[in-house]
Every structure is written in structure tokens, then in C-alpha cells.
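Written below as C-alpha cells is the structure these notes are about.
The values are calculated or read from the model by the stated rules, or taken from the named source; none is laboratory data. Just so you know, these numbers come straight off a predicted model, no measurement behind them. Positions of Cβ are backbone-derived with ideal geometry, glycine not excepted, and every protein chain shown enters the neighbour counts. We work out accessible area using only protein heavy atoms, side chains counted, and drop any ligands, DNA or RNA first. Shrake-Rupley method; radii C 1.70, N 1.55, O 1.52, S 1.80 Å.
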Amino acid sequence: MLRKILVTSALPYANGPLHLGHLVEAIQTDIWVRFQRMQGHDCIYVCAEDAHGTPIMIKAQAEGVTPEALIARVAEEHRRDYREFLIGHDQFHTTHSPENQEVTYQLYRAVRAGGHITTRSVRQAYDEQAGMFLPDRYVKGECPRCGTADQYGDSCESCGATYSPADLRNPVSALSGTPPVWRESEHYFFQLGRFEAVLKDWLKTGARQSQVRAKLDEWFEAGLQDWDISRDAPYFGFEIPDAPGKYFYVWFDAPIGYLGAFRALCKQRGLDFDEYWAPGSATEVYHFIGKDISYFHNLFWPAVLHGGGMRMPTAVFVHGFLTINGTKMSKTRGTFITARRYLDLLPPEPLRYYFAGKLDSGIDDMDLSLDDFVARVNSDLVGKLVNIASRCAGFVARGGGRLAATLPDASLYDEFTARRTAIAQLYEAREYSTAIREIMSLADRANQYVDAHKPWALAKDPARSAEVLAVCTQGINLFRVLMSYLAPVLPQMACAAAKFLGDPLSDWNAVAKPLLGTPLGKYEPLATRLDPKTVAQLIETPAAAAIATTQRQAGTDSKAAQAAVATTAATIQDFGKLDLRIARVLAASFVEGSDKLLQLSLDLGGETRTVFSGIRAAYAPDQLVGRYVLMIANLEPRKMRFGVSEGMVLCASGDGPGIFLLSPDAGAEPGMRVS
RNA sequence: GGAAAGGUAGCUCAGCCGGUUAGAGCACGGCACUCAUAAUGCCGGGGUCGAGGGUUCGAUUCCCUCCCUUUCCA
């Protein structure tokens, strides 16, 4: 039965580049879409740029460009990154489009006519200098609970307290630095609570992820609150109809961007919008999202659709986050790997394969371990999979370049093709990791087959050339089945293999019939090994790079590496990786529970850092306050029992006792670079 | 602060409802082979299944406490 399916992945926000976290989702979605198409289903994949909101407006101002120019530029970068990762969107649109405005107004008017909108006055921080209301994240101050400085207006990073900007002590606007004033303004609210029953029914439909369901139950229990969907001018977005000076909150028209993008596609292709979105539609609609936006997609979004007279999604597929080498992505650690950085160094398919090998239908986080990445890709893709074709192709070429007319081991071939139903179910259920395991164990079987029949030995006897061809025909056919199974993950390699095989590999069930008697194209390497050195370059902090260089020079033993630092010549580039700065000690104190450390608060010229330094034996805290010191400003932050140390203060020491702080000559100011 | 998921061989991970000697891939050691991008095949070493309690004839698997990691909180 032919299915009509519409699939989306979450809209990337137009204020920054794509990173590998975005790609987890895009790759998960793209594999699913390509798989559905191989099944012969009509599967459309749309996405769009999430282009509205205060952050975009501010960023554009800061860059001295219009928001339109900013989002156009970023969208182009995003488009290019997706394309190079072989993400096959049918449409990549933008929420700042006439189509999206049209659908947004349509839904809003319907929701309002249904009585689901209410208004209420809201007291909010207002920046008089900037002339605008401030979102929570744009108000900073001291945490009302623990007093930590420089916290956002919604929660404290230090103690985890959540509160509103009005609760902050000594609040200031992040835009102008002036204290905000509090003003009342009328806001529009979507009454989510009116949809509780509808949503609960909707969530019972289809197979939902248990963890997601548990979270939703929690939210239901807490009670569904009205959702503030309006923002005051100035705002970059759509003005609310009949409400001058009021704009739709970016999160209102962002999911509607799925519809806007699809409507634009309908215009291009002459598709029927209502066939997909009218209530009771028989088509399937799926959203792939990260778990951070589950609330929006499982509550607000279906409620808006329902209230707006449209159908709700068939299901929302939630995935976890990406960590790098076991920890979360971090700019200071250099593990914030952008799509562009990856693409500048490596081809896309190894990462697609690696992610596929770890993705399942759960919402657990996934780790990209760089060592594992190299090992996995080189072993599976090159050593096992491609090797099958590579080791057979030569014999076929020498035997006339044409596959034999029959398979010597039809039952082995049937075993391979018989797995296609089970593997298809795994793809369908988004259990890619299990699918990949299955496929790779078949690849092992294929290599075992070739090994057992030793075509290279047979080839020594010219009289047995038919046997050689037969064995290799078997091998090539097993390879073809495997490549077909992997085509959703590795579209480019499948395409190259298709050229070699003279068979399109575009139909999931085509492998039911083996490829016999047909000529083979010239064999060219289908994948190359990853170089660990190149992969290591994905992570690039200046400090990490310097350490990596030292370790490479000194061997793997890190102790040896440390000892070798003094004797190994450093290049000027190595030195340039260290960001040495002048800092002034603002405060110093003993650290309870440590007899070596002092906690220092350092002024870096506009920035304050906390550093733990093992100089207690040599310096008393009050000796240090006001002193100028040298620090490494880009040292990887280190979590200690007492807190996070964000740098290192430089001291001299010798074999004997004594630690001696370094200081600049008079005239140096905090923040100055040392070179 | 509230909550969720995870903690199984050096690494990345499988292990359904509790039950005989806990698995795979990679890495490591040995052997074989040489067609293949030093690829492949065979054999092997290696785990007190985060810690401590409890339930049970029996727990990696259930319950409690603690520790660690990641994440979410409209």
C-alpha cells in the first residue's frame, strides 16, 4: 500500500551556524525519508529557517545589517551545510515568508474565532535606553537565592533556581547595561488548558515514546498554563492582525513554518495542501525534534492546529542530544563542532554512518567519540563492506567483466535477501543501530564466504576460471544486497556502487532477484579510510591543539609529554595558541578543605574569572588583592571539588621551595595580551 | 531545587518479563591467508555488570540509599 507521508525536522534558528547536534536530527530524518522512498512511498521532507525574534533583531543591529539580510545570509549557510551532508529536503523555506504569514494569520484567526485567545496585562522589564521590552534572557543580575552574579532573568546557572527577572537583585539590561524599569503591557494568550482532553486523546494515538509520555504526564499533572504568544514592538516577526504594535512571539509562527514551507512546495508542485492538513486527512505527518522542544511540539503545536481547524500530526519523534567524547558540546573545550568545520575536514557519509550506528528510537543522548568514530568507520565501511566488492571486482574484470549466469550458493543469497523485511521494520521504527548491526553481521558472512571459497587459489588453475567467476558473482551479489540496505544511510556511496553494478539500488525489494549475466562497471574505491589526525582536528581549542601537538611530538605517554615540553622546540604557531593575558586580582580567599589552593577572582578587563591556584603556601590572600598577574586565559576550564577553575596563573618555581608569581611592569592593564 | 535517562570487558555498545559457563564490534595476543584500501578468516586473553544495603532458593536484571555522567524544567 502506497503511503503519503510528510516529514519535518526542527527549524534551525537563524542566529548561528549549524553544529553536529543539528546534524544528528537531520541525518536521522533524512535516513528515514530515504528509506520510505525506497519502499515506494510518497514521502515529502520539508524544513525551514526559523527567522524571527529578538535575538535576530539584536544580532542584525549589532552587525549593522537589516534582519532580512542577516537571515538570508544565515539561511544560505544552513542550506549549503545541509546539502553537503546529503540532507534531501524537498523544500527548505523560511518563516519570514508570505506563505508562512498567510498560514499564521489563518490559524490565528481561526483560533481567535474559536475563543481560545485571551488578553491580559503583563509587567515586564523595559529598557528605556534601547526603547524596548526585554526578554528574560536579556535581563541579568544576581541570583535572588544564592547571590551569584551575572545570571539571566529566568534561572541561575549556579544553584539552579528558577524565577522571573523581577526577582533578580540589581538587575541590568544586557543590551544597554542600564537598570530596567517595569512596565505593564497587554499580551495575547493562547488558552492551552482548553485542549487538555483533546491532547490527551491525541497522545494515546500511535506508538509514543515512553519517556516522552512520562514527561507529558508530568506536565499535565502540573496543569497546562496559558501561553503568551505576543510581543511588543520593536520586534522582528509578524504583526498580530487587529493589534497594532503587537507581534507574534517567534515560537508561535516557528512550527507554523512547517506549514508555510509545505504551502510553498504545494505552489511549486501543484500539491493539494488540504489533502495533508485538513482534519481527518489520511496522509501521515511526522515531526522529528530534539527533546528540548517536546513541550512545544506535543502540546502547543497540536493544540494550535486543532484549534485552528487543521489535523494534528500523526506522531512526534523525539531524539536525545549529542555529546562529544562523553561531555556536552562546549565552545571553550572546542567540542562545539560546526557543520562547516566538519565538512572542511571530512566527507559527510562517515558521520551519517556513525550516527546511524548509534541512533535508536529512544531519547537518550548519543556520544560522538572521535576514536570510536575512526575505528568504526574504517573497520565497518572500508574493511568489511567495501572490501567485499573490492576483493571480487578484479576477478570478475579478469574473467570478462560480466557476472556469471547463475549463483553458486542461492540459499546464502536468499538468507541475505530474507533479512530485508526485518531490516525494513527496524528502519521504520527508527532503530537504526540495530539495523546496522544486522547489516554488518551479514557483511561478516559475505567475507567469510569469499574466504572459504578462495577465488585467488582457484585462479591459479586456468581450468577453474568459471568457478572463480561464480564465487565472485556471489560475492558481488551479496555486496549489492548490503549496499541496498545501507542506501538510506549512504546515498552517495550507493550511487557510486549503483554505477559499478549497473543497477540503480533505488528499490528496496529489487534485491529479491540477483544480478546475473550483466556487465560490471570499472571498480573504483567506494570509501577511503579516515585519518585519525584529521578527525582529531575537529576539536580545536587553541589550548587543546597545543597539548595535542606536544603529545604527538612526545609520544603517547602524557607524563613523558610534560617532561618533554621543555626540551621540544615549539613553533611560533604553538605559542600563538596560548592566550596569555594580564589580569588583576579582585579578590582572593582560602579554599575550605584544601591546604594548597587559593581561590582568586581575576579581572581580565571587562570579564571576571574564577581561578583556583596552588599558591597558598607562598601567598596570603590579602597580599594578592590588587596585584597584577599573568594568566592563561584560554586554558580548558577544569572542574574541581570546589568549583570550576577558568584559567591558570603563571608562577615560577624551582627544585627548592618557593613559588614566585609573575607580574608585568607598571603600565600594563587587565586584559592586555602577552606575546 | 524538581524531574528523566544512563553508569556492563581498554573503547563504543547489546543484553525482553530475575535462573545453567554475561555477549558483539573495535583494540590487544597467537595462527592462517595474500584476492582486497596492512584489508579478510580462525583461535584466544580480558568483566566481583558504579558502590552499599534489602527482597528471593537464586539478581547485572526487582526495591531502597549513595556516588558519577548527560539532559530537561513551558
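When only residues in the range A:253-282 that are of a type outside the set (Gly, Ala, Ser) and under 26 Å from the mean Cα position of the chain (by Cα) count, which is farthest from A:Asp42 (Cα to Cα)? Filtering the range A:253-282 for residues that are of a type outside the set (Gly, Ala, Ser) and under 26 Å from the mean Cα position of the chain (by Cα), the one farthest from A:Asp42 (Cα to Cα) comes out as A:Asp253.
Considering every residue within the range A:255-263, establish whether at least one is among the hydroxyl-bearing types (Ser, Thr, Tyr) and out of contact with any strand residue (DSSP E or B) (no Cβ under 7 Å at 6 or more places or on another chain). Looking through the range A:255-263, none of the residues is among the hydroxyl-bearing types (Ser, Thr, Tyr) and out of contact with any strand residue (DSSP E or B) (no Cβ under 7 Å at 6 or more places or on another chain). Pull up the range A:51-72, narrow it to residues that are open to solvent by less than 10 Å² (accessible area, probe 1.4 Å) and in contact with a Leu (Cβ under 7 Å, 6 or more places away or on another chain), then point me to the one that is farthest from A:Ala487 (Cα to Cα). Among those residues, the one meeting the criterion is A:Ala60. For the range A:136-145, the set of residues classified as open to solvent by 60 Å² or more (accessible area, probe 1.4 Å) and more than 30 Å from the chain's Cα centre (by Cα) consists of A:Arg145 only. Looking across A:Arg584, A:Arg552, one residue alone is outside any loop (DSSP other than H, G, I, E, B) and modelled with pLDDT under 75. It is A:Arg552.
Looking at the structure I just gave you, is A:Glu415 without any contact (Cβ under 8 Å) to a residue 40 or more places away in the chain, open to solvent by 10 Å² or more (accessible area, probe 1.4 Å) and out of contact with any His (no Cβ under 7 Å at 6 or more places or on another chain)? Considered against the rule, which asks whether it is without any contact (Cβ under 8 Å) to a residue 40 or more places away in the chain, open to solvent by 10 Å² or more (accessible area, probe 1.4 Å) and out of contact with any His (no Cβ under 7 Å at 6 or more places or on another chain), A:Glu415 comes out as yes. The number of residues in the range A:437-452 being in contact with a helix residue (DSSP H, G or I) (Cβ under 7 Å, 6 or more places away or on another chain) and within 10 Å of RNA strand B (Cβ to nearest atom) comes to 7. From the list A:Asp507, A:Asp461, A:Asp503, the one residue that fits, being within 14 Å of RNA strand B (Cβ to nearest atom) and either farther than 27 Å from A:Asp360 by Cβ or touching a residue at least 40 places away in the same chain (Cβ under 8 Å) (or both), is A:Asp461. Of the listed requirements (1) open to solvent by less than 20 Å² (accessible area, probe 1.4 Å); (2) more than 11 Å from RNA strand B (Cβ to nearest atom); (3) assigned to a loop (DSSP other than H, G, I, E, B); (4) of a type in the set (Val, Ile, Thr), A:Thr406 misses just one: (1). Of the helices (runs of 4 or more DSSP H) lying entirely inside the range A:441-528, not one contains at least 2 residues that are buried (at least 16 other Cβ atoms within 10 Å of the Cβ) and on the phi > 0 side of the Ramachandran plot. Within the range A:184-199, is there a residue that is touching a residue at least 12 places away in the same chain (Cβ under 8 Å), within 22 Å of A:Gly362 (Cα to Cα) and either open to solvent by 30 Å² or more (accessible area, probe 1.4 Å) or away from RNA strand B (no atom under 13 Å from the Cβ) (or both)? No; the residues of the range A:184-199 include none that is touching a residue at least 12 places away in the same chain (Cβ under 8 Å), within 22 Å of A:Gly362 (Cα to Cα) and either open to solvent by 30 Å² or more (accessible area, probe 1.4 Å) or away from RNA strand B (no atom under 13 Å from the Cβ) (or both). Identify all residues within the range A:320-336 that are open to solvent by 30 Å² or more (accessible area, probe 1.4 Å), part of a loop (DSSP other than H, G, I, E, B) and under 27 Å from A:Glu431 (Cβ atoms); write none if there are none. A:Phe321, A:Asn325, A:Gly326, A:Met329, listed by residue number.
Results for (1) touching a Lys or Arg at 6+ places or on another chain (Cβ under 9 Å); (2) among the small types (Gly, Ala, Ser); (3) within 10 Å of RNA strand B (Cβ to nearest atom), shown as yes or no for each residue.
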residue: A:Phe300; (1), (2), (3): no, no, yes
residue: A:Gly308; (1), (2), (3): yes, yes, no
residue: A:Arg311; (1), (2), (3): no, no, no
residue: A:Ala315; (1), (2), (3): yes, yes, no
residue: A:Leu370; (1), (2), (3): no, no, yes
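With respect to A:Leu490, is the statement that it is modelled with pLDDT of 95 or more, within 27 Å of A:Gly21 (Cα to Cα) and either under 28 Å from the mean Cα position of the chain (by Cα) or acidic (Asp, Glu) (or both) true? The answer is yes for A:Leu490.
The sole residue among A:Arg376, A:Arg391, A:Arg398 that is within 8 Å of RNA strand B (Cβ to nearest atom), among the basic types (Lys, Arg) and closer than 30 Å to A:Lys460 by Cβ is A:Arg391.
Conditions tested, residue by residue: (1) touching a helix residue (DSSP H, G or I) at 6+ places or on another chain (Cβ under 8 Å); (2) open to solvent by less than 20 Å² (accessible area, probe 1.4 Å); (3) among the β-branched types (Val, Ile, Thr); (4) within 23 Å of A:Pro504 (Cβ to Cβ).
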residue: A:Gln28; (1), (2), (3), (4): yes, yes, no, no
residue: A:Phe35; (1), (2), (3), (4): yes, yes, no, yes
residue: A:Glu49; (1), (2), (3), (4): yes, yes, no, no
residue: A:Val74; (1), (2), (3), (4): no, yes, yes, no
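For the range A:340-368, the candidate set comprises residues that are without any contact (Cβ under 8 Å) to a residue 60 or more places away in the chain, of a type in the set (D, E, K, R) and within 10 Å of RNA strand B (Cβ to nearest atom); within that set, the residue that is farthest from A:Pro525 (Cα to Cα) is A:Asp364. Taken over the range A:207-219, residues that are without any contact (Cβ under 8 Å) to a residue 40 or more places away in the chain and either near RNA strand B (Cβ under 9 Å from one of its atoms) or surrounded by 14 or more Cβ atoms within 10 Å (Cβ to Cβ) (or both) amount to 3. Only a single item in (1) in contact (Cβ under 8 Å) with a residue 60 or more places away in the chain; (2) assigned to a helix (DSSP H, G or I); (3) within 28 Å of the chain's Cα centre (by Cα) is not met by A:Gln425, and it is number (1).
Within the range A:230-252, the set of residues being within 15 Å of RNA strand B (Cβ to nearest atom), touching a residue at least 60 places away in the same chain (Cβ under 8 Å) and open to solvent by less than 30 Å² (accessible area, probe 1.4 Å) comprises A:Phe248, A:Val250, A:Phe252.
Search the range A:618-638 for residues being assigned to a loop (DSSP other than H, G, I, E, B), in contact with a strand residue (DSSP E or B) (Cβ under 8 Å, 6 or more places away or on another chain) and within 20 Å of A:Thr332 (Cα to Cα), and hand back the single one that is modelled with the lowest pLDDT. Among those residues, the one meeting the criterion is A:Pro637. Determine if the range A:153-176 includes at least one residue that is open to solvent by 40 Å² or more (accessible area, probe 1.4 Å), assigned to a strand (DSSP E or B) and of a type in the set (Asp, Glu). No - not one qualifying residue is present in the range A:153-176.
Only residues that are among the aliphatic types (A, V, I, L, M) and open to solvent by less than 10 Å² (accessible area, probe 1.4 Å) were counted in the range A:1-26, giving 9.
Every condition in (1) under 30 Å from A:Pro98 (Cβ atoms); (2) within 16 Å of RNA strand B (Cβ to nearest atom); (3) of a type in the set (A, V, I, L, M, F, W, C) holds for A:Leu224 except the one numbered (1).
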